[in-house]
1. Determine the shielding of peptide B:78-87 by partner chains: average, over its residues, the number of Cβ atoms on other chains within 10 angstrom of each Cβ.
2. Whole-Hz ³J(HN,Hα) for each residue in the range A:163-176, computed from phi via Karplus 6.51 cos²θ - 1.76 cosθ + 1.60 with θ = phi - 60°, x for glycine and proline: what do you get?
3. With the dipole of the protein assembly as shown worked out from charges on the C-beta (+1 for Lys and Arg, -1 for Asp and Glu) around the Cα centre, which of B:Gln332, B:Ser225, B:Val83 lies farthest toward the positive end?
4. Report the residue, chosen from A:Val95, A:Val287, A:Val40, that carries the largest GNM mean-square fluctuation when chain A is represented by alpha-carbon nodes joined by springs under 10 Å.
5. In whole angstrom, note down how far apart the Cα centers of the range B:1-76 and the range A:68-90 are.
6. Taking neighbour counts of Cβ atoms within 10 Å as a proxy for exposure, in what order, fewest first, do B:Phe277, B:Phe272 appear?
7. Under a Cβ-only charge scheme (Lys and Arg +1, Asp and Glu -1), can you give me the dipole magnitude of the range B:8-51 about the Cα centre, in debye to the nearest 20?
8. What average count of beta carbons from other chains do you get within 10 Å of the Cβ of residues in A:134-144?
Number of protein chains: 2
Amino acid sequence: MNRSRTTVVDIAHAAGVSKSTVSLVLQGSPLVNEKTREKVNSVIADLGYVYNRGAANLRQSRSKIVGIVVNDLTNSFFAELAVGMDMVVQSAGYVQFLAHSGESVDRQREVIASMRENGIAGLILSPARGTEAADLKPLIDSGIPVVIVVRNLPGAKVSTLLSDNYTGAKAAVRHLISLGHSRIGFMGGFLDTAVFAERLRGYRDALQEAGLAVDEALIIHSAPSRAGGVAAVERMMLLADRATAALCLNDAVAFGVCDGLRSVGIEPGKGFGVIGFDDVIEAKTAVPALTTVSVDPQGMGQRAAQLLLKQINAGGSEQESLVTSVRLVVRQSCGAPVKNNHLEKMA
Amino acid sequence: MNRSRTTVVDIAHAAGVSKSTVSLVLQGSPLVNEKTREKVNSVIADLGYVYNRGAANLRQSRSKIVGIVVNDLTNSFFAELAVGMDMVVQSAGYVQFLAHSGESVDRQREVIASMRENGIAGLILSPARGTEAADLKPLIDSGIPVVIVVRNLPGAKVSTLLSDNYTGAKAAVRHLISLGHSRIGFMGGFLDTAVFAERLRGYRDALQEAGLAVDEALIIHSAPSRAGGVAAVERMMLLADRATAALCLNDAVAFGVCDGLRSVGIEPGKGFGVIGFDDVIEAKTAVPALTTVSVDPQGMGQRAAQLLLKQINAGGSEQESLVTSVRLVVRQSCGAPVKNNHLEKMA
DNA sequence: CGATATAATTGGAACGTTCCAAATTTGTCA
DNA sequence: TGACAAATTTGGAACGTTCCAATTATATCG
């Protein structure tokens, strides 16, 4: 393998033009004559030239790379979010560094540093638990656009894309109340994320609005995962005065709650109303189909990526904060009668 | 923002040394005096210098970037695979381009081309359906190490890391037979992937070995997803002579099969034995807990990444093909009695 | 046809690093 | 102290592109 990489100069030489002309062709400039463009392009194909974007980045001091850091890729909500981003990033001619912080702020710091060294044009971050606004300061000061998604990061001067957790949770609890429930639990999650706080607030307000007391014993903390949902049910079973329905922090918890209920002989959607949050792809096909607050993670990923790209192109760093609206999707797990579930299953 | 990026030259100037010395410090060379090293490092910290890896890559004509392309990130098997890779890639000081091909060979071609332009040091690919060995030819010829994972790509001269699909499927079916089943189905998947072919072969051989006839009607093709599993059950219900148990192409299908069974009033693990494949993270906590062939996707991702890094460092492109062994994890969904499921649930 | 406008092309200097060969400083020993 | 070795430092040329100003070819017009 002693033949070194073919470069613009090689192309230029073979096509009988200057490297500047080749560069113009590469950039699709209208300045170059149609004849020579064809010539150059054919030589490029012949020699199997591959463009060195790194060299271009160096000269132009900007890149076509965006960084994406999510806190937990194994959670399908985030996986879908990532896929949504991937779609718009790719079709805008960018590539993405995608990293998984696993809820570790240290890891998160490392990968962001590494991405900076590699010259990202912008960053989309779903912050790990415990991330501080100050952690992003150097990045932002250096003029790199940042978009925060899913979890709020109060105090950070960046664009943000969140879902309307408060309204969604409120709507879900209202629905349970309208079905006749009065002892409604809130399951999953810990105090340290903004998402948790917002959804819990929606839960509280919906209860108060209906004149129902909030029983703190029915707010059951647990890991925001399927296993956490199972654990939450186990803890609820120890209570004397149990709930008859619950809003769960997210769909993963909700599935876990269904599992947990079954293993104590309660059929979710019959003996107990369960509502999730996120509308993960499996929510629709699960049995019972999960009533949940739909956030459309892929769509949200797309919007986040669009927001970032807009910001990269604008150059100006005017921050923008969007709240995407959510809607309650009523399926079986809440116990509501549903006319024709086949319609939705097939959708 | 008129102050441009600080560079080694700025550091050198501020520290009263030459840029070469700064470069040496940056690389941790033992040639430089301890005193000056400290001086330089402190200046680096003061000025908030960020290393430009792109420029270094240009000069050295090698990079610390690996490309990872998976066919479906929304499938949690692949998401976990990606997380496993991420772990070793990150701790080796590399970053990863991670892209999702969505089973489209066109998309796959595009992202691989884009990654090449961006100068990846190696590629890990879980090929989209329909990928040909020839598609990778140019990449391989250019001397970039490639590791194929999960799905075989016959004819490609690259390293490969597959799981032992044949043996795993065989073991699963043997287990069902030992539980007394004689009409065993195979659900999910299409003919066009090597994975499907291998698992199906294991299924066939296990049946024949036991002297049981293979009924083609019980091999039910469907999308390799949860929805596909539901559909497979619906189709099976139309048969006169139904199966009493099934091996599913993967866990996603198996979950769908459980859903489908429930919606026709059959309890998975009781009236019907279900075995999955992959041992996705939820398999353990699902109800009933899924009996499945464990592939340890994270571990597999780690091994794949290690294999790639080894190959990058060796330079020499001697290909290596590994088959990771699998083991049957017996839980509830197959109907086998399990002593103490709490032990495993808590693990 | 000469003059001028327009289209197309082109050298060379950047971009921020690494690496080599060469230069300089420091240490050691007779 | 002088000679030599070892340790440390250093210019400058690369890497493959883009961009600017300047040049050359081609078209247009009176």
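Here, each number is a calculation from the coordinates, and none is a lab measurement. Every value quoted in this text rests on a predicted model; they were computed, and no experiment measured them. Cβ coordinates were reconstructed from backbone atoms using ideal geometry, including for glycine residues, and neighbour counts include every protein chain displayed.
1. 4
2. 9, 7, 5, 4, 4, x, 5, 4, 4, 5, 5, 3, 4, 4
3. B:Val83
4. A:Val40
5. First find each Cα centre; the distance between them is then 29 Å.
6. Numbers: B:Phe277 32, B:Phe272 24.
Fewest-to-most Cβ neighbours within 10 Å comes out as B:Phe272, B:Phe277.
7. Details: 4 positive and 4 negative charges, 22 e Å.
Dipole size: approximately 100 debye.
8. Working: counts 0, 0, 0, 0, 2, 1, 0, 2, 4, 1, 0.
Per residue, the number of nearby Cβ atoms from other chains is 1 on average.
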